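Notes for the one structure printed next.
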Amino acid sequence: MSPQNARKERTGDTGPPRFRRKFSAVSEGLSMQCIMNLTQFHTFKYFYTETLQQGSLPFIMPDRVQTGAPVATEGGAILLTEDDFPIAVVRNRLCVFGEPYSANRFSLACDFTVSFTLWDLPT
């Protein structure tokens, strides 16, 4: 993950550079790499080319890092349901593809390594 640079540099005649905000809604870049079998790769290609129109449309993706973490109060107490189960965070990301994906076949069993960049759009 890497945040987008939201600063604009202003240089003067002397001294260190100064910065100001270029925009307030900052996207975050996500570098992804997946290992897929042939069926999964064809499903991914269809999703990219047909559903997302060559990766030009945004889509919703579950956030696997934050989803499932328990919700807690400021004091650290975990919030529970009426049945005493912890309430879990569910977070989705609104994403769009950066550069087109690249795929490499790495075995005779038709397994692929698929690499791509996503932008987590501000919501």
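Below, the figures for the structure above:
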{"item": "Among PHE41, PHE85, PHE112: highest mean-square fluctuation, GNM of the chain, C-alpha pairs under 10 Å", "result": "PHE85"}
{"item": "For peptides 8-14, 117-123, sequence by mean Cβ density within 10 Å, most packed first", "result": "117-123, 8-14"}
{"item": "Value at 222 nm in deg cm²/dmol, rounded to 500, when DSSP H runs of n ≥ 4 in the chain each add -39,500 (n - 2.57)", "result": "-2000 deg cm²/dmol"}
{"item": "The chain: projected area of the alpha-carbon convex hull, averaged over directions, in nm²", "result": "13.5"}
{"item": "Most fluctuating residue given options ARG91, ARG20, ARG105, as computed from a GNM of the chain linking Cα atoms under 10 Å", "result": "ARG20"}
{"item": "Rounded percent of accessible protein surface that carbon and sulfur make up, the chain, 1.4 Å probe", "result": "54"}
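The values are calculated or read from the model by the stated rules, or taken from the named source; none is laboratory data. Given the structure is predicted, the values throughout are model-derived calculations rather than measurements. All Cβ positions, even for glycine, are placed from backbone atoms using ideal geometry, and neighbour counts span all protein chains on display. With ligands, DNA and RNA removed, areas are computed over all heavy atoms of the protein, side chains included. Shrake-Rupley method; radii C 1.70, N 1.55, O 1.52, S 1.80 Å.
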